[in-house]
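The values are calculated or read from the model by the stated rules, or taken from the named source; none is laboratory data. In this text, all values refer to a predicted model and were calculated from it rather than measured experimentally. With ideal geometry, Cβ positions are generated from the backbone for all residues, glycine too; neighbour counts draw on all protein chains shown.
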Amino acid sequence: MAAAPDPSQPSPPRSGRARGFVLGLAALIVLIDLLLAAVEGPRGPQSLDDADDVRRYLRATAEAEGTPWLLIGDSVLVGDTGRAELPDWHEHRLVDYLERELGEREDAVFRQVAFSGMLPVDMLAVVEELDEEDPDGRVSLLLELSPRYFSAAYAELEAPSRAWFAELGDGASGSRVPGTDAILGFVRRWAPVYRHRDRFVNARDRLAGPGRARADETAKRGERVEALARLSVHYRDPQLDPRSVQVEALREITRRCRAAGRRLALFTVPLEDEFMAGLGRASAQGEYLGRLDGLLAPDGRAVALLPMDHPQFRSELFWDHVHLRPDGHRVLAINLLQQLGLQLERLPSDPELIGPWGADASLVASVAAGSSDGAAWQARFASPKGVAVSNDGRRIVIADTGNHVLRELHGDLRVVSTLVGTPGVAGDRDGSASTALLDGPASPRFVGDSIYFADGEGQRLRRLDGGELETVVRLGEGWRIQALRGHAGQLYMLQSRDAQTRIVSLAPGSPSVVVRGGAAPGRQLSAFTISPAGDLYLALADGQILRTRASARGLDLAAPDVNELGDELGVVFENLGGAVLPQDEAGAFPQPFAEIHLSEIVGLEYVERYGGLLVQDLAPHPRPGIYNKRVTERAHLRFLDLERELVYPWLKPLVVGLGYFYFNQSTTGFSSYYHEGSMALDQSSATLVYLESGRSRLLRLEDGLLGVSKIGQFSLERLGFRDLLAARSGERALTDHDPTRFLASARGADPELGGPYVWLLVGSSMMSMSEVVGQYSLGRALARRLGRDLALREGARLHTFQRTLPGGRLTRQIAAIKRFMKTGRPDIISIEANASTFLPADADDAFMAEQLERLTKLARRWDSKLVILDTSPYIVRNREALRPSQARVTRFLELARGRGFEVIDVADPLLDRHLEVTPFASPPVVGIHPPPWAIDAIADEMGAALSPSFRDWLRERSPAVDAEGPESVREARTKPLAAAFDELEFGWPEALPRLPREAVQIDYDDNHLVVFVDLAQLPEARTRAEALPDLVLAVVYDNAVRLRDGARTADVQLGRFERYDEYGAGVDEGATIVHREQLTHELLAERLREFVERSG
């Protein structure tokens, strides 16, 4: 039996039991903490709880490998708004998607310092601390900008949102006594179990029943209206007064970054459309962005302002008024990476991108007129009349005439802001740009750093310089300013009064008249320009263009014959042509001066790099059309080659070639790509800036002669119109002007992009046309897809030059490559294998091997990649396509693969895909070429197949345009053939017969003209033996003189073709040649003298 306890002994002390309990509890907590640390679970982002946390984080960011970027912002960046519905919300923040969408080969790393309620004064504290930790500016900054920051409630708020922000940037991190925030921060970091608190942030919501969750959701919806009403106070009218504390903090951040050489990008947050619509004026966001642009003065390089509040961010992408859901964060990340110049891992769809990816862009794009600053989708103009661009192309000024202001884009040209004047308020007041008033400004022009423009319906000349506006001249006696130009520090004005016109030089002292227009109809001055050498070019109302010197004085065009003015005035362009776009047998562009008619010249620019004139001409549309509405799509841009007296178009390459110009049957006039408007030229790159007058649209388009040199198409007759662009148009532009020599220097306009790289794409009409609409180009569709792919995923610029040959015969494709390489340097060469005349019917393995060797040798010249595009399955026969290739084509491709050539064949994927839309060759099909929808499908599949190959090849490759290698021989050994006709004064146009186009096949190779003439298509009288020598002269005259092809030797063959290809052209391999002459300048001169003697 157990002994009873002795009541005389003392019981254990209660304090000991309590101590044991506490120690046991502590041990349990530590055990749970260790288990939590050991077990993987959902983890939130790294917590920054005090100044020391931020210091350590910034130090680690500065020491991070790669190129670090630091995001700073408020709850938009915190990203926890949807934590109740999204347990892994911390994996779907903006910073997470930036890492996820970043290209694999980019070394950028993204970190963030973000707190709910953060303001610019807080951001400044972080930046000050970053300057301490990273004095060399290695870490780039990406700052979120919200209209909330500039609420009136915060304008005077100097205190930081968290007290410990004041401890940042004080330089005393090692000697300071820890404050309360530091102590609490230590506890939050190291307290057992509590340090894992992020794992339990959603515990209450998960434990609550579905009824409770639904009740909470109903309550939230009920509270949303009230919450948004409270929030709208902070968003309705942002206070961007320079004296605002928040504005001062933002400007100080910008100043610090510039001083430290630290790259800074600021992006405006997307806002939910319904919320913004409830705030009032639609233009408010644009005006806010314009004021930000004026305050921060971003240059697009060291400091960039990135507008992101685009309509693409639809309501379903938001949790609330400003916080984005994961899909919204992904789209925002894609656009931020793209606009920061960082490569993307995946290719986004077109709608996902809100900014341009190439040189060509709509800087402002709205069909509506109005009045607003802002991004491309926000800005609005009213009847603008004039645009100017600075010498370096980094400032554009728009005369927003109907709104009585000048607007500006500068730096990276992303934001329109008001430069001077008050929108909607007309007046005549000089002074600072912020208080001055304008009245219908027009015709702006840069002269040095000053901007001159006409005002008050052209009766005043005003100048904006250094932020101050002054009136320079007030015109009297009814004279009005129509246009302005500058030269050698002087300003020149085109003035008009009733039927009188004159050019006036505003030289120091008093103005002086340079030239007076005539009073007779057609003799008025309509436009003018001045070359750097001082040549003054004058456009007249009748379409003539004259040349004098800018230093001339007192010239009068009222003289009966301008030739009486002697050497002081000469005729450059007589305007003797019969049509804007001749529809006779004159051939394709370039056209001789004598063939082209200019109807109404409204703009004139001297193009310095080419030494010619860019003319803006309005084509007439005589009829009102079936809708009785005036046509404005009628501005044709023409480049006048003054040396060769040839006219070229000035264009942007398009997939649909009819977009360049076409015949409007309803109005019986020629329409074009350009609407009525104003133009200016960035001389540093020959980039065109085009401002439309009837819509809010501002275009930036790459060198238009470079654009011509890239095209390759046929001169076709469609919709009652014969197209004047043909395969030779691109070849001539390249041969005569070689725009490729400027490609390397063009990289300065966008230093973020690599390259430039050149792709030479050679093929048949299968690469350039559709039977349905004519010029619907598979080649240009591929160029766009691959150019976009390379720009976004590799950060590389690709220029595609297309060359198209009837039938695409392999030997002629090789000859086209040789011609291109006389001046061009391709990084990639592709040819096309087709089911037309690609290979002769008797082609054997030896012939094929020989051609493959020729291609290999050509590719070695610039270490070019060779690719063969197989289009043979796509040719339409009896309205059927997607059939096996011809046996000889299949054999050729087999041999090519064996030699290491890359062959792109996507027929099998197309066979599956085309069933989703329509049969591949469904009607209307009238020939052998696929319809547009089939061409789009080919381009999608072929582009996807080419993309990895192109990206791998060009990655880390030095562009061929930069390489040292063989140069083309530019000096000819003989005189041009045209000179032989010029040396003999004789009526050649009347004496020599004109041959129909369909009877002649032409080829060029290094200034050598090769011509085949099909005698079967000529009248019998012209095919007699005695008439054949005259036919040879006629052919050479057509090409050497009328078309100015520059040929120096010629091989003319007259014959009868035994068979024809599907284009109706004779197959010359099967022709019987009955007469042949090989001519040099000397031999041609002898033949011409004999002809003159015979003609008496």
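Close Cβ contacts (under 7 Å, 6 or more residues apart or on different chains) running from residues in the range 937-954 that are more than 11 Å from residue 910 (Cβ to Cβ) to residues that are among the small types (Gly, Ala, Ser) comprise 954/796. Could you list, in sequence order, all residues of the range 347-368 that are within 21 Å of residue 404 (Cβ to Cβ) and at pLDDT below 95? If the condition is that a residue be within 21 Å of residue 404 (Cβ to Cβ) and at pLDDT below 95, then 366, 368 are the ones that fit. Among residues of the range 575-598 that are on the phi > 0 side of the Ramachandran plot, those with a Cβ under 8 angstrom from a residue that is of a type in the set (Asp, Glu) and outside any loop (DSSP other than H, G, I, E, B), sequence gap 6+ or separate chain, pair up as 587/1038.
Please find, within the range 931-976, the residue that is nearest to residue 756 (Cα to Cα) out of those that are in a helix (DSSP H, G or I) and modelled with pLDDT under 90. Full working, then the answer.
Filtering the range 931-976 for residues in a helix (DSSP H, G or I) gives 932-954, 960-962.
If we keep only those that are modelled with pLDDT under 90 too, we end up with 932-934, 962.
Values: 932: 30, 933: 31, 934: 31, 962: 9 Å.
Going through the qualifying residues, I end up with 962.
A residue that is at pLDDT below 90, basic (Lys, Arg) and over 30 Å from residue 723 (Cβ atoms) occurs somewhere in the range 1021-1031. Filter the range 990-1022 for residues that are part of a helix (DSSP H, G or I) and without any contact (Cβ under 8 Å) to a residue 24 or more places away in the chain and give the result. Scanning the range 990-1022 gives 990, 999, 1017, 1020, 1021. Across the range 610-633, the number of residues qualifying as modelled with pLDDT under 95 and either crowded, with 23+ Cβ neighbours inside 10 Å or of a type in the set (D, E, K, R) (or both) comes to 4.
Could you tell me whether residue 467 is in the same structural domain as residue 396 (by TED's automatic domain parsing) and modelled with pLDDT of 95 or more?
On the way: in the same structural domain as residue 396 (by TED's automatic domain parsing): yes; modelled with pLDDT of 95 or more: no.
Answer is no for this residue.
Can you find a residue in the range 248-267 that is part of a loop (DSSP other than H, G, I, E, B) and in contact with a Phe, Trp or Tyr (Cβ under 7 Å, 6 or more places away or on another chain)? Checked against the condition, which is being part of a loop (DSSP other than H, G, I, E, B) and in contact with a Phe, Trp or Tyr (Cβ under 7 Å, 6 or more places away or on another chain), the range 248-267 yields no hits at all.
Of a type in the set (Phe, Trp, Tyr), closer than 20 Å to residue 929 by Cβ, within 36 Å of the chain's Cα centre (by Cα) and not assigned by TED's automatic domain parsing to the domain that holds residue 998, is that true of residue 820?
Working: of a type in the set (Phe, Trp, Tyr): yes; closer than 20 Å to residue 929 by Cβ: no; within 36 Å of the chain's Cα centre (by Cα): yes; not assigned by TED's automatic domain parsing to the domain that holds residue 998: yes.
Taking the combined requirement at face value, the residue does not satisfy it.
Looking at 157, 98, can you tell me which residue is surrounded by fewer than 17 Cβ atoms within 10 Å (Cβ to Cβ) and in contact with a Leu (Cβ under 8 Å, 6 or more places away or on another chain)?
Only one candidate passes the filter, namely 157.
When 96, 88, 107 are checked against the criterion of being of a type outside the set (Val, Ile, Thr) and over 30 Å from residue 754 (Cβ atoms), 88 stands alone in meeting it. Can you find a residue that is closer than 22 Å to residue 304 by Cα and of a type in the set (Ser, Thr, Tyr) anywhere in the range 114-130? The answer is no, given that none of the residues of the range 114-130 is closer than 22 Å to residue 304 by Cα and of a type in the set (Ser, Thr, Tyr). Within the set 95, 126, the sole residue that is free of Cβ contacts under 8 Å to residues at least 40 places away in the same chain and hydrophobic (A, V, I, L, M, F, W, C) turns out to be 95. Among helices (runs of 4 or more DSSP H) entirely within the range 1-110, having at least 1 residues that are modelled with pLDDT under 75 singles out 14-38. Would a scan of the range 858-870 turn up a residue that is among the basic types (Lys, Arg), out of contact with any Asp or Glu (no Cβ under 7 Å at 6 or more places or on another chain), surrounded by fewer than 19 Cβ atoms within 10 Å (Cβ to Cβ) and closer than 25 Å to residue 786 by Cα? Looking for residues that are among the basic types (Lys, Arg), out of contact with any Asp or Glu (no Cβ under 7 Å at 6 or more places or on another chain), surrounded by fewer than 19 Cβ atoms within 10 Å (Cβ to Cβ) and closer than 25 Å to residue 786 by Cα, one finds at least one in the range 858-870, hence yes. Among the residues of the range 422-471, how many are part of a strand (DSSP E or B) and farther than 18 Å from residue 382 by Cβ? The qualifying residues number 19.
Only a single criterion out of (1) over 15 Å from residue 648 (Cα atoms); (2) surrounded by fewer than 24 Cβ atoms within 10 Å (Cβ to Cβ); (3) out of contact with any helix residue (DSSP H, G or I) (no Cβ under 6 Å at 6 or more places or on another chain) is not satisfied by residue 685, namely (3).
Within the range 232-258, the only residue that satisfies the criterion of being farther than 25 Å from residue 70 by Cβ and free of Cβ contacts under 8 Å to residues at least 12 places away in the same chain is 243.
Before we move on, is residue 813 over 17 Å from residue 757 (Cα atoms) and among the polar types (S, T, N, Q)?
Numbers: over 17 Å from residue 757 (Cα atoms): yes; among the polar types (S, T, N, Q): yes.
So residue 813 fits the description; yes.
Residues that are surrounded by fewer than 18 Cβ atoms within 10 Å (Cβ to Cβ), charged (D, E, K, R) and within 24 Å of the chain's Cα centre (by Cα): does the range 313-334 have at least one? No, every residue in the range 313-334 fails to be surrounded by fewer than 18 Cβ atoms within 10 Å (Cβ to Cβ), charged (D, E, K, R) and within 24 Å of the chain's Cα centre (by Cα). Residue 476 satisfies every condition listed in (1) on the phi < 0 side of the Ramachandran plot; (2) not in a loop (DSSP other than H, G, I, E, B) except (2). All of 141, 145, 119 fail the test of being under 36 Å from the mean Cα position of the chain (by Cα) and either under 19 Å from residue 62 (Cα atoms) or of a type in the set (Ser, Thr, Tyr) (or both), apart from 141.
Of everything in the range 420-435, what is crowded, with 23+ Cβ neighbours inside 10 Å and either of a type in the set (Lys, Arg) or in contact (Cβ under 8 Å) with a residue 24 or more places away in the chain (or both)? Give them in sequence order. Full working, then the answer.
Just the residues of the range 420-435 that are crowded, with 23+ Cβ neighbours inside 10 Å, to begin with: 420-421.
If the condition is that a residue be crowded, with 23+ Cβ neighbours inside 10 Å and either of a type in the set (Lys, Arg) or in contact (Cβ under 8 Å) with a residue 24 or more places away in the chain (or both), then 420 is the only one that fits.
When 815, 791, 781 are checked against the criterion of being surrounded by 23 or more Cβ atoms within 10 Å (Cβ to Cβ) and not in a loop (DSSP other than H, G, I, E, B), 791 stands alone in meeting it.
The criterion of at least 3 residues that are more than 28 Å from residue 448 (Cα to Cα), touching a residue at least 12 places away in the same chain (Cβ under 8 Å) and aromatic (Phe, Trp, Tyr) is met, among strands (runs of 3 or more DSSP E) falling completely within the range 623-690, by 661-664. One residue stands out in the range 830-853 among those that are assigned to a loop (DSSP other than H, G, I, E, B) and more than 39 Å from the chain's Cα centre (by Cα): the one that is nearest to residue 808 (Cα to Cα), namely 840. Quick check on this structure: which one of 212, 258 is farther than 16 Å from residue 119 by Cβ and modelled with pLDDT of 55 or more? After applying the criteria, what remains is 258. In the range 115-142, the residue that is nearest to residue 270 (Cα to Cα) out of those that are buried (at least 22 other Cβ atoms within 10 Å of the Cβ) and in contact with a strand residue (DSSP E or B) (Cβ under 6 Å, 6 or more places away or on another chain) is 142.
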